[in-house]
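The values are calculated or read from the model by the stated rules, or taken from the named source; none is laboratory data. Only a predicted model underlies this, so the values are computations on that prediction, with no experimental measurement involved. Every residue, glycine among them, receives a Cβ derived from its backbone with ideal geometry; neighbour counts consider all protein chains shown.
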């Protein structure tokens, strides 16, 4: 699914200088723990989170994540939006809860990000 | 590639506004040199987790990256409090991060294990009251 269609499904307000129709979203990963995102999120995944600080964009940069959705009506900090723009990472704002956004996207066919199983001790 | 590319950054303690800038520069340099993208991502995660550790735990330090023909070597060196029990610090879920760090989404106790998982060679030495040195190597053709 492309990011433009996806934004429609979750009634998202979009902050982006790039064309959303050009960005394909095969997977999504929902998490407020950036440490876990860095450990478990596969490349190409859309990041869904309720945290709005600048390190969310840093995390997305490191992992080549295509876009970020801020859920439950959270307004990202100014520096967060600025860095996202500079990095060419579209930001979507949805008023739905994390659970609702996940449910809507899952139903629409967005697959889960690959999560590696814990290693045997 | 003839001479190795060396990058060195002074990382400021507790400054979450600029944390990640050095790691992003390292990642972009690797990309520019044509290193394959999954290796770039592994390197970025190592550098970023190490950089965040310097910010959160060590009151800053030095982050260094040396890119040679077949490998990247990342070194994070600090004069922070040191790690009393490295084995414990390497356990997933164990954390001593501040509330501020947790509010930013860190401090899940995944940092060091995640650095190790992404490294081909991983070494950490720490002396209480003196500081910590972390070395990670990633090979390009593996």
Residue A:112, sole failed condition from (1) touching a helix residue (DSSP H, G or I) at 6+ places or on another chain (Cβ under 9 Å); (2) surrounded by fewer than 17 Cβ atoms within 10 Å (Cβ to Cβ); (3) closer than 18 Å to residue B:16 by Cβ
(3)
Would you mind finding the one in B:103, B:79 that is surrounded by fewer than 19 Cβ atoms within 10 Å (Cβ to Cβ), more than 13 Å from the chain's Cα centre (by Cα) and in contact (Cβ under 8 Å) with a residue 24 or more places away in the chain?
B:79
Looking at B:93, B:105, can you tell me which residue is at pLDDT below 95, facing chain A (nearest Cβ under 9 Å), closer than 20 Å to residue A:38 by Cβ and not in a helix (DSSP H, G or I)?
B:105
